[in-house]
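Peer 1: So that we are looking at the same thing, I have put the structure below in structure tokens.
The values are calculated or read from the model by the stated rules, or taken from the named source; none is laboratory data. All values derive from a computational prediction rather than experimental measurement. Every residue, glycine among them, receives a Cβ derived from its backbone with ideal geometry; neighbour counts consider all protein chains shown.
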Amino acid sequence: MRVPLISPMTVVVTQFLPAETCAQDPAGDSTVGYDPDFREPVALQTEGGQPVTDTRQYGDEIKLPCQVEFKTYEELQMVEQGDNGISKVALVLHRRDLLRLGLIDDNGNIKLKKGDKIIRFEKAGRTTLVPNATLYFYRIDPASQGFGPDGYDLHIVWTSDRTSSVYGR
């Protein structure tokens, strides 16, 4: 038995590329690129100390069919992330779509990771929502134990709107 998505729409995401971000700092002076100690991108600074350039590197846009769920305050309280580290938006992805798009590796693991960025949501090819705060993937959990050929047809993507909490791997 396969579990379908309910009222699917499309989420457009782009994958965070830590190796490419790190390659922007060939001298290793941590003024740009990726800081391996803090496991986060380093923003280029001006003389006044204000960030000018976001040095994070992302891949091409990927369009994923998904089911969008808005979590209640009570559900968010149950997530152990301190001061609202998780946004109210959760996505449900279907494994069949991930396989079709080549987002499952040979070991059956999802290639999407913590830190991947949500660009916009679409329905029937038209943009329906651009998040007012940048949303990032925070965690991906299996959500349909027992359904589908490998036992996990659906996956829940928890999102975060806090950039400092999403890059640690």
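Peer 1: Please tell me if residue 151 is on the phi > 0 side of the Ramachandran plot and modelled with pLDDT under 80.
Peer 2: Taking the combined requirement at face value, the residue satisfies it.
Peer 1: Could you list all residues from the range 53-98 that are hydrophobic (A, V, I, L, M, F, W, C) and modelled with pLDDT of 65 or more?
Peer 2: Residues satisfying the conditions are 62, 64, 66, 68, 70, 89, 90, 91, 92, 93, 98.
Peer 1: Another one. Taking the range 122-133 as the region of interest, how many residues are in a loop (DSSP other than H, G, I, E, B) and surrounded by 15 or more Cβ atoms within 10 Å (Cβ to Cβ)?
Peer 2: Looking only at that region, the number is 1.
Peer 1: Of 102, 48, 108, which residue is at pLDDT 85 or above and loosely packed, with under 14 Cβ neighbours inside 10 Å? Steps first, please.
Peer 2: Numbers: 48 fails: at pLDDT 85 or above; 108 fails: at pLDDT 85 or above.
Result of the check over 102, 48, 108: 102.
Peer 1: Next up: Only one of these conditions is not met by residue 1: (1) aliphatic (A, V, I, L, M); (2) buried (at least 19 other Cβ atoms within 10 Å of the Cβ); (3) at pLDDT below 85; (4) within 30 Å of residue 153 (Cβ to Cβ). Which number is it?
Peer 2: (2)
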